[in-house]
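This report refers to the structure that appears directly beneath it.
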Amino acid sequence: MVDTCLCMGAGITMAQGMQRVEPHKRYFSFVGDSTFFASGITGIVNAVYNEANITLCILDNSTTAMTGHQPHPGTGRTMMGQVVEKVDITKVLEGIGVRRIAAVNALDLEACVDAVLRLSGLEGVKAIIFKSPCAAIIKPSGKYRINRDKCVDCRSCINEIGCPA
Ligand code: SF4
């Protein structure tokens, strides 16, 4: 799996190649919103043009989270802080010929599962946009506290979900 996770955006074209070798399987490629703009679009054009049978999973958290939160064309602001019109991922996909597109709230598990089951079985290039802003740029509205009377000190909050609080 690491071999297919290393190269940003390459999963889209790798899925196309794999699908030619074993066409009876379902193939999924994952790309973030920033990589979609940086290097993903070219692979998607290739997939549409060559009639690949793959499902694109676009993880849109409205930032470039991995490398420092710098803006990209989908964020609506430039590197100099100027507020500009966002480039819409759905419209880009439609423009390059992706006909089956779903956008779901990434935090709604049921809707996500439903979209994957519904689209991945269809022919051609499908795209599911999982959208939810990065937790690092959208601050929570309220504070949460541990109820010391109920805490059993299992440490799941630290070891499993990594909650720093
Ligand atoms: S997950 Fe476990 S340790 Fe963390 S607050 Fe809940 S009961 Fe306490």
Task: Output for segment 145-155, where each listed residue is within 9 Å of the ligand (Cβ to nearest atom) and surrounded by fewer than 10 Cβ atoms within 10 Å (Cβ to Cβ) - done: ASN147, ARG148, LYS150, VAL152, ASP153, CYS154, ARG155
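Identify all residues within segment 113-162 that are without any contact (Cβ under 8 Å) to a residue 24 or more places away in the chain, within 23 Å of GLY32 (Cβ to Cβ) and of a type outside the set (Lys, Arg); write none if there are none.
The first filter runs over segment 113-162 and keeps only residues without any contact (Cβ under 8 Å) to a residue 24 or more places away in the chain, leaving 113-115, 117-118, 122, 135, 138-162.
Imposing the further condition that a residue be within 23 Å of GLY32 (Cβ to Cβ) reduces the set to 113-115, 117-118, 135, 138-140, 161-162.
Across segment 113-162, the qualifying residues are VAL113, ASP114, ALA115, LEU117, ALA135, ILE138, PRO140, ILE161, GLY162.
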TODO: Mind listing whichever residues of segment 56-93 are outside any loop (DSSP other than H, G, I, E, B) and within 17 Å of the chain's Cα centre (by Cα)?
DONE: LEU56, CYS57, ILE58, LEU59, ASP60, ILE89, THR90, LYS91, VAL92, LEU93
TODO: Quick one: which residue in THR90, THR42, THR13 is of a type in the set (S, T, N, Q), out of contact with any Ser or Thr (no Cβ under 7 Å at 6 or more places or on another chain) and at pLDDT below 95?
DONE: THR13
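Quick one: is VAL104 farther than 21 Å from GLY43 by Cβ and assigned to a strand (DSSP E or B)? Give the derivation first.
Working: farther than 21 Å from GLY43 by Cβ: yes; assigned to a strand (DSSP E or B): yes.
Yes; evaluated as a whole, the condition is true for this residue.
Is one or more of the residues making up segment 121-144 more than 21 Å from the chain's Cα centre (by Cα), within 16 Å of the ligand (Cβ to nearest atom) and either at pLDDT below 95 or not hydrophobic (A, V, I, L, M, F, W, C) (or both)?
Checked segment 121-144: at least one residue is more than 21 Å from the chain's Cα centre (by Cα), within 16 Å of the ligand (Cβ to nearest atom) and either at pLDDT below 95 or not hydrophobic (A, V, I, L, M, F, W, C) (or both).
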Task: Odd one out for VAL48 among (1) outside any loop (DSSP other than H, G, I, E, B); (2) of a type outside the set (D, E, K, R); (3) touching a residue at least 40 places away in the same chain (Cβ under 8 Å); (4) surrounded by 19 or more Cβ atoms within 10 Å (Cβ to Cβ) - done: (4)
Task: Selection count where residues are in contact with a Ser or Thr (Cβ under 7 Å, 6 or more places away or on another chain) and loosely packed, with under 15 Cβ neighbours inside 10 Å, scope segment 104-132 - done: 2
Open item on the list: When you check THR64 against the structure, is it surrounded by fewer than 21 Cβ atoms within 10 Å (Cβ to Cβ), modelled with pLDDT under 95 and touching a strand residue (DSSP E or B) at 6+ places or on another chain (Cβ under 8 Å), yes or no?
Closed with: yes
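The values are calculated or read from the model by the stated rules, or taken from the named source; none is laboratory data. Just so we're clear, the structure is a prediction, and the values are computed from it rather than from any experiment. Neighbour counts are summed over all protein chains in view; Cβ atoms, including those assigned to glycine, are modelled from backbone coordinates with ideal geometry.
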